[in-house]
Amino acid sequence: MPLPTTDQEWPPPRMKPELRMYAQHGAWYGGDPDQLAKVYGGGVIPGVGLDLKGWDRPLTHGGGFLNRISRWFWGTPIPAGQSRSTKLHVPIAADIAGTSGDLLFAEAPTLRVSGKTGNARLETILEEGSVNAILLEGAELCAAYGGVYLRVGWDTEMHKHPVVDVLPADCAVPEFAKGRLKAVTFWRILAEDHKDVWRHLERHEFGKVYHGLYRGDDEKLGMQVPLTDHPETAIFAEMVDADGGFDSGFPRGLLVEYVPNMRPHRLLRGTSLGRSDYAGVEALMDSLDETMTSWMRDLRLGKGRIIVPEVYLTNTGRGRGSTWDPDREVYAPLGMLPPPGGSGASMITVSQFDIRVQEHQQTAKSLLAQILRGAGYSVQSFGEAGEGAAATATEIHSRERRSFTTRGKKLNYWTPALAWLAECLLAVDAHIYGTKVVPERARVEWPDGVMPDPEALSRTLDMLNRAQSASLDTRVRMLHPEWEDTQVKAEVDRLRDELGLNVPDPDELRDVIVPEAHDDTSEPASTS
């Protein structure tokens, strides 16, 4: 179906539960204290908090729903009379998303197609388009929002090849069929002035892309206006047909693929959307921020303070107040009797509160471990257990087993997406740039995620060699798993030459001149 032609609520009402979660997880991912307070209703005056069930309503101090907000640390307002917020945020959510991206794309996967020409062209597109860096960005957004969209496009003025970009899940209205993306509509706000809002809608269907410009308000999409009415959409005016769309160049599917972070979704059962790494640990992250804020409060209150009598203060002049010099040694006698059993020095009071370092540290450490376990990661992946001595790849996998298990689950969603990406890039490349490469789905090869220990690998290869249980070709491939067949063969030939294992071809020996054998039947030379 084409773009909307009538005024309607935007985003569509059916997207409200998803958008509420995107707002919540986006606030944790961004780490802005003001945004967290806004999402959970923790302003100066108690406001409306986040409620996935849609029970939002104006709150009053006597209302029964106020307790729902007060359970969130970020939902509590700033105390009356306090000039600034002293709440502290620990960016563990951003660390989780970044670690997820590193586990997936810190080392680039290998995409291969059948033909040499296709492989060469695909490699050019991936390298010049910095596709792996874009995928790393997409994996981070995917972990935070529960899913991400990969979109293939082109710009013939700036690039000589197709380009890839990633879009977070909170700016799209997807349509699924049997778990696969059937169509999707992206939107962005181009200009916003009070109630005058300009929106650009981009809809992707099989073999088609539609663009539309709408002028409405904060809640309504408004009526569709010509694309030429705004400079950012004027470029599409010459590309679209009467229906507002154009041929995508990829008739076998969309120019967009949705990559879920993890399924199933625990709150929206039956949906094809993925769940965020933060799902279920929001309250723990909230408690971690409360713990760190309490720790810093102890530091502020624990500052040593000295209370002295007024006679110990030095008058600095009329209207200039008085000062206390802690290094002064001689004072005039006090015009009063000292307290019983004491002297004038006992008039000085030192105020020093205890700083509960160990209690706060243990609480924060325990909360952190629960957050990472709930998100599917090992604490070792975040350096919490210490670096220690050098470890082999097997030991690292053992220590970070939970993290690599989560990585393996996510690869099940990224592998078909990357296979589609290669085919879509080659199809657009042929349609727009006129290359003769036949588009096809790629074979995806993932690295191990951990660099093997060179010493342990050398010992393994040595034992295989002495046991004569692996060929030279196999040992070279174990040492260089990223090499292609031609590189492996060349290395094997060099090693055989150095070891003297190469035997000449018998057919080549025929051309070798063999000296004539001595004829023993010949008559001996006569002697005189």
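The values are calculated or read from the model by the stated rules, or taken from the named source; none is laboratory data. What you are looking at is a predicted structure, and each value in this text was computed from that prediction instead of being measured. Counting neighbours? That spans all protein chains shown, and the Cβs are built from the backbone with ideal geometry, glycine included.
Scanning the range 111-152 for residues that are touching a residue at least 40 places away in the same chain (Cβ under 8 Å) and either surrounded by fewer than 16 Cβ atoms within 10 Å (Cβ to Cβ) or of a type in the set (Phe, Trp, Tyr) (or both) returns ARG112, SER114, GLY115, THR117, TYR145, TYR149.
Does any residue of the range 231-246 turn out to be assigned to a helix (DSSP H, G or I) and surrounded by 19 or more Cβ atoms within 10 Å (Cβ to Cβ)? Scanning the range 231-246 turns up at least one residue that is assigned to a helix (DSSP H, G or I) and surrounded by 19 or more Cβ atoms within 10 Å (Cβ to Cβ).
Only one residue in ALA183, ALA177, ALA191 is in contact (Cβ under 8 Å) with a residue 60 or more places away in the chain, out of contact with any helix residue (DSSP H, G or I) (no Cβ under 6 Å at 6 or more places or on another chain) and either surrounded by fewer than 20 Cβ atoms within 10 Å (Cβ to Cβ) or not charged (D, E, K, R) (or both), so which one is that?
Values: ALA177 fails: in contact (Cβ under 8 Å) with a residue 60 or more places away in the chain; ALA191 fails: in contact (Cβ under 8 Å) with a residue 60 or more places away in the chain.
Result: ALA183 is the single residue among ALA183, ALA177, ALA191 that is in contact (Cβ under 8 Å) with a residue 60 or more places away in the chain, out of contact with any helix residue (DSSP H, G or I) (no Cβ under 6 Å at 6 or more places or on another chain) and either surrounded by fewer than 20 Cβ atoms within 10 Å (Cβ to Cβ) or not charged (D, E, K, R) (or both).
Looking only at residues of the range 237-271 that are among the charged types (D, E, K, R) and farther than 25 Å from LEU135 by Cβ, we find that the one that is nearest to the chain's Cα centre (by Cα) is ARG266. Checked against the criterion of being in contact with an Asp or Glu (Cβ under 8 Å, 6 or more places away or on another chain), under 30 Å from GLU290 (Cβ atoms) and charged (D, E, K, R), the range 178-191 has no qualifying residue. Annotation note: Cβ proximity below 6 Å between a residue of the range 302-316 that is charged (D, E, K, R) and a residue that is surrounded by 10 or more Cβ atoms within 10 Å (Cβ to Cβ) and at pLDDT 70 or above (sequence gap 6+ or interchain) occurs for no pair. When the test is whether a residue is at pLDDT 75 or above, assigned to a helix (DSSP H, G or I) and more than 30 Å from ASP34 (Cβ to Cβ), GLN370 does not pass it. Taking the range 77-173 as the region of interest, the strands (runs of 3 or more DSSP E) fully inside it that hold 1 or more residues being hydroxyl-bearing (Ser, Thr, Tyr) are 110-112, 147-153. Checking every residue in the range 427-450 against the condition of being buried (at least 17 other Cβ atoms within 10 Å of the Cβ), modelled with pLDDT under 80 and not polar (S, T, N, Q) gives at least one match. Within the range 139-161, does at least one residue satisfy the condition of being of a type in the set (Val, Ile, Thr), over 18 Å from ALA422 (Cα atoms) and in contact with a Phe, Trp or Tyr (Cβ under 7 Å, 6 or more places away or on another chain)? No, because not a single residue in the range 139-161 is of a type in the set (Val, Ile, Thr), over 18 Å from ALA422 (Cα atoms) and in contact with a Phe, Trp or Tyr (Cβ under 7 Å, 6 or more places away or on another chain). Residues in the range 34-43 that are in contact with a Leu (Cβ under 8 Å, 6 or more places away or on another chain) and either part of a helix (DSSP H, G or I) or farther than 14 Å from PHE73 by Cα (or both): 2 in all. For the range 254-270, a residue qualifies if it is assigned to a strand (DSSP E or B) and charged (D, E, K, R), and exactly one does: GLU257.
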